[in-house]
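The values are calculated or read from the model by the stated rules, or taken from the named source; none is laboratory data. Every value quoted in this text rests on a predicted model; they were computed, and no experiment measured them. For neighbour counting, all protein chains shown are included, and Cβ atoms are generated from backbone atoms with ideal geometry for every residue, glycine included. For accessibility, only protein heavy atoms count, side chains too; no ligands or nucleic acids. Shrake-Rupley method; radii C 1.70, N 1.55, O 1.52, S 1.80 Å.
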Amino acid sequence: MDKVFISQLHVETIIGVYDFEKKSKQSLYFDIEMLSDIKPAAQNDDINLALDYAKVSERVIEHSTAKPVELLETLVEQLAQIILTEFNTPQVTIKVSKPAAVAQAQTVGVEITRNKATA
């Protein structure tokens with residue numbers, strides 16, 4: 001299997017447990033890896049046969065900004081299910097970074113890998 005990836009997808013959204021976090025948008029950065037067989041798309045030079053990273057990016061932004069959640073864990077689980085269900089990939093790895101969460105750290109975050117078989 002090949003990998004299609006999105007690196008450092010920036011999303012501004014409301015996320016957090018604390019009251020002050022719920023009052024203003026924060027930056028999140030997503031790194032997403034999806035398994036895919038790219039041969040059919042490459043052989044036919046056809047975007048319709050490809051795992052379209054632009055559409056995945058749009059969907060991640062749309063979902064991340066639609067309804068605020070408190071935990072990064074909740075958000076990445078939801079996004080993994082969306083990507084596995086709506087896009088033709090048997091496995092997805094999502095890493096989300098929240099740079100403003102801990103002042104002493106450059107960034108903090110969560111990374112998960114989910115498979116269609118275990119979804």
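Just so you know, in the range 20-45 the residues that are hydrophobic (A, V, I, L, M, F, W, C) and open to solvent by 60 Å² or more (accessible area, probe 1.4 Å) include one that is nearest to residue 86 (Cα to Cα), and it is 38.
Taking residue 69 as the residue in question, decide whether it is in contact with a Phe, Trp or Tyr (Cβ under 9 Å, 6 or more places away or on another chain), touching a residue at least 40 places away in the same chain (Cβ under 8 Å) and on the phi < 0 side of the Ramachandran plot. Against the criterion (in contact with a Phe, Trp or Tyr (Cβ under 9 Å, 6 or more places away or on another chain), touching a residue at least 40 places away in the same chain (Cβ under 8 Å) and on the phi < 0 side of the Ramachandran plot), residue 69 does not qualify.
Any chance the range 60-75 includes a residue that's in contact with a Lys or Arg (Cβ under 8 Å, 6 or more places away or on another chain) and not polar (S, T, N, Q)? Let's see the steps before the verdict.
Taking the range 60-75 as the starting set, the residues that turn out to be in contact with a Lys or Arg (Cβ under 8 Å, 6 or more places away or on another chain) are 68, 72.
So of that shortlist, the ones also not polar (S, T, N, Q) come out as 68, 72.
Yes, the range 60-75 contains at least one residue that is in contact with a Lys or Arg (Cβ under 8 Å, 6 or more places away or on another chain) and not polar (S, T, N, Q).
Could you check the range 1-46 and list, in sequence order, the residues that are at pLDDT below 95, aliphatic (A, V, I, L, M) and not in a loop (DSSP other than H, G, I, E, B)? The one that is at pLDDT below 95, aliphatic (A, V, I, L, M) and not in a loop (DSSP other than H, G, I, E, B): 15.
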